[in-house]
Amino acid sequence: MDVRADALDSVQTTRAKLTPGQVNLVHLALAMGGFAIGTTEFAAMSLLPYFAATFGISEPDAGYAISSYALGVVVGAPVIAVLAAKWSRRALLITLMTLVAVFNVMTALSPTYGSMVVFRFLSGLPHGAYFGVAMLVAASLVPQNARAQAVGRVLIGLTIATVVGVPVATWIGQALGWRSGFGIVGVLAGLTVALIWKFVPRDPPVEGASMLRELGALKRPLVWLTLGIGAVGFGGLFAVYTYLATTLTDVTHVPSYVVPIVLIFFGLGMTAGTYLTGKLADRALMPTVGALLLWILFWLAVYPFSVGNIYAITLVVFMIGTGGGLGTALQTRLMDVAGEAQTLAAALNHSAFNMANALGPWLGGLAIASGYGWASTGWVGVVLAIGGLSFWVVSVLADPKSLTAPSHHSHE
């Protein structure tokens with residue numbers, strides 16, 4: 001029995017009514033939300049030196065604003081998913097993106113660093129629930145053997161943000177002040193609200209949905225193991241990315257205008273990785289996850305040796321970025337193992353990745369503050385990737401069929 005069927009039924013009934021072109025427009029609207037959220041998440045890291053200077057604090061201390069956003073995601077994703085279990089998914093998406101717009105504008109207007117940390121936390125609250133619900137809607141409009149690619153299309157919005165949104169926000173932030181970078185996100189989120197209103201079909205609440213049913217996801221060991229892979233294994237990417245701007249200026253010794261160019265290559269890596277992972281994960285889901293973790297580990301180990309040369313570090317940053325495809329694979333895995341608690345499990349995936357977004361910069365900051373140098377973030381990432389592989393191994397041992405079974409079968 002496919003326990004996913006009941007949870008997705010209310011949206012799947014619209015699949016037959018939508019043309020392929022209309023499905024693409026739905027995916028585009030949802031991806032725009034990913035673009036807005038990706039811009040605010042990653043631009044905050046590249047703008048870190050500038051708001052640190054404004055508030056007169058050290059960069060490792062300014063990293064708390066990054067961690068605050070990540071913790072907002074960790075808290076908001078499960079709480080919103082459970083409390084809004086009986087909402088229609090379209091109404092929930094519109095509400096969440098409205099909150100993204102409001103709190104990013106408030107971040108831009110922050111009078112003190114303390115208030116900025118609070119507004120970053122609030123900005124993070126809608127993040128995980130938005131992506132979770134958006135990916136369920138996107139996946140429900142395509143055949144099961146194309147789910148990972150549909151999930152990838154939503155995430156492509158986030159990865160394109162790292163190619164276009166983040167560098168543009170960084171350049172504008174350098175020219176007009178860091179506050180303008182967050183103001184842009186408010187505009188993008190408002191545009192997303194309009195697109196969702198226009199293109200995402202109206203839907204009734206999922207039949208039988210309840211807070212209790214969503215909480216059922218927490219009883220499933222494979223759900224926790226999948227979340228562990230992301231929460232630990234992805235941390236190295238954030239450890240490196242958070243301190244990349246300063247590494248480039250202080251270690252690689254490039255002018256500040258080069259920094260956004262390197263960030264573009266990181267984003268190109270994420271986009272390529274997300275696109276390819278969607279195709280691979282629809283064929284062999286858990287093997288793809290394991291291979292990606294090994295890939296990330298290798299390039300994080302190379303990173304400390306690349307920081308002295310702009311061409312070498314740009315290549316390695318691109319390769320580390322391709323590991324971003326892990327999000328697509330793990331999101332699809334959660335659809336397989338979450339049973340009827342699809343919304344909570346999907347949202348928790350982003351809690352897991354933002355645990356990584358909190359853990360990576362924190363451990364990276366500790367390594368830097370302890371005198372190991374800016375490049376030490378790569379070694380921090382290696383340790384975290386090994387941790388993610390450990391969760392993967394335990395998950396495969398608990399569910400051996402996951403290495404060979406089609407990804408659209410539930411294994412619990």
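Which ones in region 248-262 are under 23 Å from the mean Cα position of the chain (by Cα), more than 17 Å from Ala53 (Cβ to Cβ) and open to solvent by less than 60 Å² (accessible area, probe 1.4 Å)? Matches in region 248-262: Pro260, Val262.
Any residue in region 273-289 that is aromatic (Phe, Trp, Tyr), under 27 Å from Thr170 (Cα atoms) and open to solvent by less than 60 Å² (accessible area, probe 1.4 Å)? Scanning region 273-289 turns up no residue that is aromatic (Phe, Trp, Tyr), under 27 Å from Thr170 (Cα atoms) and open to solvent by less than 60 Å² (accessible area, probe 1.4 Å). Pairs are defined by a Cβ separation below 8 Å, a sequence spacing of at least 6 or placement on different chains, a first member in region 367-385 that is under 17 Å from Leu248 (Cβ atoms), and a second member that is open to solvent by 30 Å² or more (accessible area, probe 1.4 Å) and of a type in the set (D, E, K, R); the pairs so defined are Trp374/Asp250. Every test in (1) outside any helix (DSSP H, G or I); (2) at pLDDT below 85 is passed by Met45 save one, and that test is (1).
Checking Ser68, Ser58 one by one, the residue that is surrounded by fewer than 19 Cβ atoms within 10 Å (Cβ to Cβ) and under 21 Å from Ala239 (Cα atoms) is Ser58 and no other.
For Thr162, the criteria (1) of a type in the set (Val, Ile, Thr); (2) within 15 Å of the chain's Cα centre (by Cα); (3) more than 29 Å from Ala65 (Cβ to Cβ) hold in every case but one, which is (3). There is no residue in region 213-220 that is in contact (Cβ under 8 Å) with a residue 60 or more places away in the chain and closer than 30 Å to Gly21 by Cβ. Return the residues of region 308-323 that are assigned to a loop (DSSP other than H, G, I, E, B) and surrounded by 23 or more Cβ atoms within 10 Å (Cβ to Cβ); say none if nothing qualifies. Of everything in region 308-323, nothing turns out to be assigned to a loop (DSSP other than H, G, I, E, B) and surrounded by 23 or more Cβ atoms within 10 Å (Cβ to Cβ).
Counting only helices (runs of 4 or more DSSP H) that fall entirely inside region 64-172 and contain at least 2 residues that are aromatic (Phe, Trp, Tyr) and closer than 25 Å to Leu363 by Cα, the qualifying elements are 113-140. The listed residues are Gly181, Gly173, Gly152, and the only one of them that is open to solvent by less than 30 Å² (accessible area, probe 1.4 Å), more than 19 Å from Glu340 (Cβ to Cβ) and over 22 Å from the mean Cα position of the chain (by Cα) turns out to be Gly173.
For region 193-238, filtering for residues that are open to solvent by 60 Å² or more (accessible area, probe 1.4 Å) and either acidic (Asp, Glu) or outside any loop (DSSP other than H, G, I, E, B) (or both) leaves 11. Out of Leu330, Leu344, Leu297, Leu326, one residue alone is part of a helix (DSSP H, G or I) and open to solvent by 10 Å² or more (accessible area, probe 1.4 Å). It is Leu297. Looking at Gly339, Gly360, Gly371, just one residue is open to solvent by less than 10 Å² (accessible area, probe 1.4 Å), out of contact with any strand residue (DSSP E or B) (no Cβ under 7 Å at 6 or more places or on another chain) and modelled with pLDDT of 90 or more, and that residue is Gly360.
The values are calculated or read from the model by the stated rules, or taken from the named source; none is laboratory data. As the structure is a computational prediction, the values presented were derived from the model and not from experiment. Neighbour counts run over all protein chains shown; Cβ positions are idealised from the backbone, glycine included. For accessibility, only protein heavy atoms count, side chains too; no ligands or nucleic acids. Shrake-Rupley method; radii C 1.70, N 1.55, O 1.52, S 1.80 Å.
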